[in-house]
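Worksheet for the structure shown next.
Readers should treat all values here as calculations from the given coordinates under stated rules, not as data from a laboratory. None of these values were measured; they are calculated from a predicted model. Every residue, glycine among them, receives a Cβ derived from its backbone with ideal geometry; neighbour counts consider all protein chains shown.
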């Protein structure tokens with residue numbers, strides 16, 4: 001598994017983040033773990049690159065930043081990352097091709113001296129981040145000892161929190177000496193590097209990933225991350241899997257594509273490794289699933305119904321701050337019309353569903369309050385029909401498991417009970 005390496009961020013990437021304000025994107029999700037991507041809710045695309053363009057053209061600079069340098073990235077990698085079309089360019093057939101080559105420029109210096117190889121690493125730190133959703137890419141990996149292609153993500157607070165506190169989600173890594181196997185891993189405080197938490201997926205019948213394109217994906221929700229290959233899920237990780245350490249997957253991450261050469265995990269190329277080697281990417285797509293496709297997939301509006309078919313209601317139809325939220329017979333009034341927004345808010349009467357005093361305790365009441373952008377007002381709606389508060393990591397809950405008119409709502413540890421299940425629209 002990817003625990004064989006120490007870290008994946010580079011000094012250049014860290015400086016980039018320290019000097020860049022990275023925008024948080026979509027917090028609304030309506031997906032969760034599934035056995036097969038085909039069973040998931042319809043995807044509402046939030047970002048993509050199809051790599052359509054003329055052969056030899058550079059990757060879209062409005063979407064990708066190419067990193068540079070030969071620091072070894074903490075793993076004793078051998079390549080120098082260049083911002084060059086020799087190492088990253090479109091092929092004219094709808095693909096991005098990252099090419100690792102033997103270096104001929106004696107002026108390129110790596111951590112060990114004159115660089116032996118060049119390659120490319122691209123990220124979206126300046127241009128796109130997102131918390132939660134479905135992230136996938138269709139990729140054909142290179143082959144040969146010493147090759148190390150990856151599709152992965154880092155937290156947008158890397159420049160302030162540092163690694164591994166900012167979190168890392170490795171969607172796909174392959175090392176050349178395991179041609180039929182890929183790895184999916186998370187790294188965070190107390191479970192990074194050699195202690196990363198993950199699993200491997202191996203193709204049946206002795207096939208190699210370099211023989212064809214494959215789709216690598218994660219479905220990420222507040223309570224879990226599920227990895228899949230070609231639509232088949234092979235592992236799910238939850239906060240229970242990180243040994244009591246902090247689950248740091250509660251904020252936006254940015255995307256990374258790279259092809260490393262050598263390093264502590266894959267080892268160096270040998271005489272049987274041919275160059276150049278290529279990592280070919282057909283597309284990268286990100287979605288917040290289950291959205292209203294008529295509005296870009298970023299919002300949903302309607303009644304929120306819970307236990308007994310009762311509606312989530314603003315008490316007295318008041319728009320005053322601190323108005324309690326309750327269950328009520330569904331009447332279709334504005335006090336029962338909620339909008340789940342792309343920013344993770346749940347709104348009615350022009351204000352936000354809020355956890356009183358930003359509490360994270362079981363039993364903390366929810367209320368209507370002026371929208372202020374805090375985590376107490378950010379919610380994630382999952383395919384399990386939980387409505388989870390991001391700040392507390394707890395579920396919207398009807399007090400006392402009651403469906404009576406006037407039953408107040410609160411947050412509570414997610415149990416899967418009927419009084420925590422909600423439908424929208």
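Tabulated data for the structure shown
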{"item": "The chain, relative contact order [Cα under 8 Å, separation at least 6], %", "result": "20 percent"}
{"item": "Once the Cα gyration tensor of the stretch 341-399 is diagonalised, semi-axes √(5λ) in Å", "result": "16, 14, 10"}
{"item": "Cα gyration tensor category, rounded, prolate or oblate, for the stretch 180-301 with a/c compared to 1.5", "result": "oblate"}
{"item": "Listed residues 70, 206, 267, most fluctuating in the chain (Gaussian network, C-alpha, under 10 Å)", "result": "206"}
{"item": "Contact order normalised by residue count of the stretch 100-177, Cα under 8 Å, 6+ apart, percent", "result": "25 percent"}
{"item": "Calculated FRET value between residue 199 and residue 264, using beta carbons and R₀ = 22 Å, to 0.05", "result": "0.65"}
{"item": "Viscosity 1.567 mPa s, temperature 4 °C, Stokes-Einstein D of the chain from Kirkwood C-alpha radius, µm²/s", "result": "57 µm²/s"}
{"item": "GNM result for the chain, Cα springs below 10 Å: residue of 344, 107, 72 fluctuating most strongly", "result": "107"}
{"item": "Rg(Cα)/(2.2 N^0.38 Å) for the stretch 376-425, N = residue count", "result": "1.07"}
{"item": "Stretch gain in nm, segment residue 360-residue 339, where the contour uses 0.36 nm per residue and the Cα spacing is subtracted", "result": "5.2 nm"}
{"item": "Sequence of 211, 313 once ranked by neighbouring C-beta atoms within 10 Å, starting from the fewest", "result": "211, 313"}
{"item": "Fluctuation leader among 256, 171, 186 - the chain, Gaussian network, Cα springs under 10 angstrom", "result": "256"}
{"item": "Order of 81, 112 - criterion: other Cβ atoms within 10 Å of each residue's Cβ, fewest first", "result": "112, 81"}
{"item": "Residues 119, 287 arranged by fewest to most Cβ contacts within 10 Å", "result": "287, 119"}
{"item": "Efficiency of FRET from Cβ geometry, residue 55 and residue 102, R₀ 30 Å, rounded to 0.05", "result": "0.85"}
{"item": "The stretch 299-424, relative contact order [Cα under 8 Å, separation at least 6], %", "result": "28 percent"}
{"item": "Shape category assigned to the stretch 299-424 from the gyration tensor of Cα positions, a/c cut at 1.5", "result": "rounded"}
